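Q: Take this structure, written in structure tokens, and hold onto it; I'll ask about it next.
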Amino acid sequence: MSQNRHDACRLPPLQQSSYSTAQTKAHEDFLATRKVGFSGPWHVLIRSPELLTHAQRMGEYLRYRCTIAGRLSELAILLTAREWTQDFEFGVHKRHALEAGLAPQTIEDIRAGRSPKGLDEDGQIVADFVEELLRRKGVSESTWGRALGRFGEQGCVDLCGIVGYYGLLAACMNAARIPPPPGEEKLPRFPD
């Protein structure tokens, strides 16, 4: 199936040989500090090397060292990607979520736009927090209290950071029309 002009990627990967000095440095810094390949959002952000450098450092903290880790972090990322209908982010993190122990049915619920069911207590707290933050642009007192009691202040702030960071990447990739990773399908679109 061919892409029509409304689906074509607006910012495809640049050839490294065409990088400016600042882009080359940002790319080298990225490769020296990250545990992921240079794909998806990074091909977009290389056009703004300083933004790429700051974003990848924040992402490195949020993915590998923050208080909300593993399965719970991947749950928050998938919920964020789904809310943004971000195909690349969802496809990549679906794989990470499975590896981290998130149930396939939970991932399918999120993919379909449903609130996931059958989560353990920590998972339900994260799902409630993230869904409220994304959809209501805030968190209720009861959800905040549950998250605070379980994850502490730093955990609540880190959870907000995950939502904001992956929202930033989703916004950049949606504007640039980044396709899903190889082997992954587009997410179902929500009605306008």
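Q: Just grab the label-to-label distance for ALA103 and LEU51, each label 7 Å out from Cα along the Cβ direction, in nm (one decimal).
A: Taking the two extended label points, one gets 3.9 nm.
Q: Determine the calculated [θ] at 222 nm for the chain from helices alone, applying -39500 (n - 2.57) to every DSSP H run no shorter than 4 residues and normalising by the residue count; nearest 500 deg cm²/dmol. Write down the numbers at each step before the final one.
A: Values: 8 runs with 123 residues, N = 192.
Value at 222 nm, helices only: -21000 deg cm²/dmol.
Q: Percent relative contact order of the chain, based on C-alpha pairs within less than 8 angstrom and at least six residues apart? Please list the in-between numbers first.
A: Working: 212 pairs, mean separation 59.2, N = 192.
Averaging sequence separation for qualifying contacts and normalising by length gives 31 percent for the chain.
Q: Within segment 150-188, whose backbone N sits under 19 Å from a point 7 Å along Cα→Cβ of SER142?
A: Answer for this model: 150-151.
Q: Taking a cut-off of 14 Å between Cα atoms, list the aspartates and glutamates near LYS186, but don't count ones fewer than 8 places away on the same chain.
A: Partners found: ASP7, GLU83, ASP87, GLU89, GLU108.
Q: A further question on this structure: In percent, how large is the relative contact order of segment 1-99, given Cα pairs closer than 8 Å and 6 or more residues apart? Don't skip to the end; give the middle numbers.
A: Numbers: 53 pairs, mean separation 20.6, N = 99.
About 21 percent, as a whole number.
Q: Sticking with this structure for a sec: Would you mind estimating how fast segment 70-176 diffuses translationally, via Stokes-Einstein at 10 °C and 1.306 mPa s with the Kirkwood radius over Cα pairs, in µm²/s?
A: Details: Rh = 13.6 Å.
Result for D is 117 µm²/s.
Q: Shifting gears a bit: How many angstrom lie between the C-alpha centres of segment 123-192 and segment 5-50?
A: Cα centroid to Cα centroid, the span is 24 Å.
Q: For MET173, MET58, what ranking results if the residue with the fewest other Cβ atoms within 10 Å of its Cβ goes first?
A: MET58, MET173
Q: When only alpha-carbon atoms are used, what values of Rg and Dmax, in angstrom, describe segment 115-192?
A: For segment 115-192, the Cα radius of gyration and maximum Cα-Cα distance read 14.9, 41 Å.
Q: Taking neighbour counts of Cβ atoms within 10 Å as a proxy for exposure, in what order, fewest first, do SER39, SER73 appear?
A: Sorted ascending by nearby Cβ count, the order is SER39, SER73.
Q: A further question on this structure: What is the distance, in nm, between label points placed 7 Å from the Cα along the Cα-to-Cβ direction at LYS25 and at ALA69?
A: It works out to 3.3 nm between the two label points.
Q: Any chance you could list P(r) for the chain, counting all Cα-Cα pairs in 10 angstrom bins from zero, rounded to whole %?
A: Each 10 Å bin holds this share of Cα pairs: 9, 35, 35, 17, 4, 0.
Bear in mind these aren't lab numbers, they're just calculated from the coordinates by the rules spelled out. Fair warning: this is a prediction, and the values are worked out from it, not measured in the lab. Positions of Cβ are generated from backbone atoms using ideal geometry, with glycine treated the same way; all protein chains shown enter the neighbour counts.
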